[in-house]
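Worksheet for the structure shown next.
Read the figures in this text as sums done on the coordinates, not as results from a lab. What you are looking at is a predicted structure, and each value in this text was computed from that prediction instead of being measured. Cβ placement follows ideal geometry from the backbone for every residue including glycine, while neighbour counts extend to all protein chains displayed.
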Amino acid sequence: MSEKLAPDKRHGFIHNGQTVFEWDQTLEETNVYISLPQNVPTKLFYCKIEPKHLEVGIKGSSPYLNHDLTCPVKADPSFWTLEDEVMHITLHKRDTGQTWPLPRYGQGELDPLSVDQE
């Protein structure tokens, strides 16, 4: 298990007052946490991880997330799981030790103090 970087908390991406996802990172990976909608069978959720792109959604609907990643990842060892109505996506950083200011383009970056702490 990788050691957490300081600060030991999740960062949130909030759009129109609603949390879209939360994320944290270690030296080796970035973790994304998405709360799943209720009353949708878990077998309908999907996640497609590419070296520079992430797509998450429900089969038969438009993707919930469909964005380029800020930094490249190793797609093969990256994975996703569903647990307790949360999708947990583990993205293995291609450049180990690199601090990500954010997981995807188009999201507000961490403030400089948070980046320095991490």
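Restricting to Cα pairs below 8 Å that are 6+ residues apart, what does the relative contact order work out to for region 11-105? Please round to a whole percent.
After rounding, I find 28 percent.
Report, by chain and number, residues whose modeled amide H sits under 5 Å from the one on HIS53, excluding near sequence neighbours (fewer than 5 apart, same chain).
When sequence neighbours closer than 5 places are left aside, the close amide H contacts are LEU69.
Near the amide H of VAL20, under 5 Å away, which other amide H atoms are found, from residues 5 or more places off or on another chain, if H is placed in the peptide plane?
So VAL20 has HN proximity to PHE13, ILE14, HIS15.
Provide the per-residue ³J(HN,Hα) series for region 29-45, in order, calculated from phi with Karplus coefficients 6.51, -1.76, 1.60 and θ = phi - 60°, each as a whole number of Hz, with x at glycine and proline positions.
Calculated HN-Hα couplings, in order: 8, 10, 10, 10, 10, 10, 6, 8, x, 6, 6, 10, x, 4, 5, 8, 7 Hz.
What Rg and what Dmax come out for region 8-108 when only alpha-carbon atoms are used, in angstroms?
Cα-based Rg and Dmax for region 8-108 come out at 13.0, 39 Å.
Just want the ordering: THR70, THR30, from fewest to most Cβ atoms lying within 10 Å of their own Cβ.
In increasing order of surrounding Cβ atoms, one gets THR70, THR30.
Which whole-Hz couplings ³J(HN,Hα) result when phi for each residue of region 93-103 is put into the Karplus expression 6.51 cos²θ - 1.76 cosθ + 1.60, θ = phi - 60°, listed in order with x for Gly and Pro?
Result, rounded to whole Hz: 5, 5, 9, 4, x, 7, 8, 8, x, 5, x.
Find the relative contact order for region 31-80 and round it to a whole percent, using C-alpha pairs within less than 8 Å whose residues are 6+ positions apart.
About 28 percent, as a whole number.
Tell me, what HN-Hα J-couplings in whole Hz come from the Karplus equation 6.51 cos²θ - 1.76 cosθ + 1.60 at θ = phi - 60° for each residue of region 60-74, using x for Gly and Pro?
x, 10, 5, x, 6, 10, 8, 9, 6, 7, 5, 10, x, 10, 8
Got a sec? How would ASP84, ASP68 order by Cβ neighbour count within 10 Å, fewest to most?
Fewest-to-most Cβ neighbours within 10 Å comes out as ASP84, ASP68.
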